[in-house]
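This report concerns only the one structure given below.
The values are calculated or read from the model by the stated rules, or taken from the named source; none is laboratory data. Source: prediction; values computed, not measured. Here the Cβ positions follow ideal geometry from the backbone for every residue, glycine too, while neighbour counts run over all protein chains shown. With ligands, DNA and RNA removed, areas are computed over all heavy atoms of the protein, side chains included. Shrake-Rupley method; radii C 1.70, N 1.55, O 1.52, S 1.80 Å.
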Amino acid sequence: MNPASRRASTVRILGNVALVAGFLVSVITLSSDTGSTEVHILAGFLVVTGIGLRIEAAISEPRA
């Protein structure tokens, strides 16, 4: 496995973790209904970061 492919795989995994964390924060916050917007901003930031990492991994992955 070459380094570029390994890096793309790592970035893809980090993107998945950020997406799952963002969705979990969102679901937990919606069920508890705390009323604060900071947690919703954090969840949105995690989801956007996860999507960005997944796109970056797709672009930088070497073509076979």
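Observations
- Contact annotation: no residue pair with Cβ atoms under 7 Å, 6 or more positions apart or on different chains, pairs a residue in the stretch 51-64 that is closer than 11 Å to R12 by Cα with a partner that is part of a loop (DSSP other than H, G, I, E, B).
- The stretch 14-64 - residue that is among the acidic types (D, E) and part of a helix (DSSP H, G or I) and, of those, surrounded by the most Cβ atoms within 10 Å (Cβ to Cβ): E56
- Evaluated against (1) in contact (Cβ under 8 Å) with a residue 40 or more places away in the chain; (2) open to solvent by 90 Å² or more (accessible area, probe 1.4 Å), R6 falls short on exactly one condition, (1).
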